[in-house]
Amino acid sequence: MIDWKTINEEGLLAPTMAKDFPNLPVVKSEGLFYVGVDGRKYLDFTSGIATENTGHRHPRVIAAIKEQVDHLVHGPIGIINYDSIITLAKKLKAVLPEPLDCFFFGNSGAEAIEGAVKLARHVTKRPYVVSFLGGFHGRTMGALSLTTSKSKYRRNLPVGANMTYQLPYAQISETPQGFNHNDYWSGHVEKDFERLFNHQVAPDEVAAVILEPVLGEGGYVIPPKAWLQKIREICDRHGILLIFDEVQTGFGRTGDWFAANRFGVTPDIMAIAKGIASGLPLSATVASRELMEQWAIGSHSTTFGGNPVACAAACATIDVLRDEGLIENARMLGDYALNKLIALQEKHPAIGNVRGIGLMLGIEIVHPATGEPNGKGLMNILEKCLDKGVIFYLSGNKGEVIRMMPPLTIDKEHLDLGISLLEEAVTEYEIESSLGVYR
């Protein structure tokens, strides 16, 4: 029997992986809940970091996994071929915007990003890539060269070899008073690119521009639609491929199959993962067949990518999202939750900016007196929430944004419960702060 009190002291698991919040020992998950080793149920507002969009252990997904295991567990695609990977490709084609209809399957979001950048450079014969400050694209060396959500990820790692450039991500909260968000930020990004092209890199040397249509780890920042549309226009003007990192925003999280649909902007290449297979490791680099066919055979390959069991789970995941109306539920309850959180913001000085799209909601925690980002206060609030039986997660450059991402199977009753427990935690924190418990 594992001694959970000493598990981290044994040093078996790398601290960089194992010492995250809340480090909760669990024995089971079901629907909206984790079950702790003590038998207590915890309402999960993390979905495995926006991965189990269909909830924990959805019966249809589990049934598909069990059926596939009875027939085929591993199959290196290309050496053999099998039904689940072809069926999945057809199902994905049906829900992705045209002309994204050709797939390279991998195991993780970072792999999908690596594939997207390799494809862009291969097709364009150009070396450079532009990303945006605050974006998170993974921690492998290539993906890390594009990631700027936190500087600690790059510490002691000379990533990028000067092959990437970064521009500011649109922050609606920083729009000058009296300006329209769309007008201001579309003009802003036009000037950003103009300066970049005039002073640092010629546009005909840029293979791709990559971005998250909504920042994930960077704090659930939602840009104006016109900002994304202007970037699409700039890419088209210069023959630059546009890559969307939809690792976290995909599969209904934003209230549509993909955030690209919500913003009315279609990229040339898309990286998808997380919610694709309800918790099994799977990802895909997606592009048009026209682009994919320019990738020389064997120049990019995989042993485990597109695993038959993961593909079967993904097929069932897509069916569940469609048949059970979970995407519509995300949009409807996302709007409902955002309104409730805005009401909390008006009552609580510890809550700063609140934003959301679908069931992807960000809640900034600030110092009640100064309004400055307050990562320490956020952790106190998250600990209080955990004690009350609900799990939230953090994000933002200073760890100041509560990331609220419940399964898309959530109902209004449990959504209300989670938000009410959050308010209790915030209230307790504010009272203790006013009494000088936290300085």
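The values are calculated or read from the model by the stated rules, or taken from the named source; none is laboratory data. These figures come from a predicted structure and were not determined experimentally. For neighbour counting, all protein chains shown are included, and Cβ atoms are generated from backbone atoms with ideal geometry for every residue, glycine included. SASA here: full protein model, heavy atoms, side chains in, ligands and nucleic acids out. Shrake-Rupley method; radii C 1.70, N 1.55, O 1.52, S 1.80 Å.
The table for this structure:
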read-out: Listed residue pairs exceeding 30 Å between alpha carbons, taken from LYS93/LYS412; LYS28/LYS150; LYS66/LYS384; LYS19/LYS384; LYS93/LYS125; LYS91/LYS118; value: LYS93/LYS412; LYS28/LYS150; LYS66/LYS384
read-out: Shape category assigned to the stretch 322-380 from the gyration tensor of Cα positions, a/c cut at 1.5; value: prolate
read-out: Spin-label model distance (nm) - ASN180 vs GLU290, 7 Å beyond Cα toward Cβ; value: 3.2 nm
read-out: GNM flexibility winner over the chain from LEU157, LEU408, LEU382 (Cα, springs under 10 Å); value: LEU157
read-out: GNM flexibility winner over the chain from ALA112, ALA425, ALA296 (Cα, springs under 10 Å); value: ALA296
read-out: Stretch gain in nm, segment THR140-SER299, where the contour uses 0.36 nm per residue and the Cα spacing is subtracted; value: 55.4 nm
read-out: For the chain, the spread of Cα positions along each principal axis, largest first, Å; value: 63, 60, 44
read-out: For the chain, share of DSSP beta bridges that run antiparallel, in % to the nearest 5; value: 65 percent
read-out: Full-stretch length increase - GLU432, ALA343 - with 0.36 nm per residue and alpha-carbon distance subtracted; value: 29.9 nm
read-out: Accessible area in square angstrom per residue, the chain, 1.4 angstrom probe; value: 44 Å²
read-out: Prolate/oblate/rounded label for the stretch 222-316 (Cα gyration tensor, a/c 1.5); value: oblate
read-out: Distant-in-sequence amide H partners of PHE132 (H built 1.01 Å from N, under 5 Å); value: LEU167
read-out: Cα shape, the stretch 209-258, gyration tensor, a/c 1.5 rule; value: prolate
read-out: Share of carbon and sulfur in the accessible heavy-atom surface of the chain [1.4 Å probe, %]; value: 53 percent
read-out: Expected 222 nm ellipticity per residue - DSSP helices of 4 or more, -39500 (n - 2.57), all of the chain, to 500; value: -12000 deg cm²/dmol
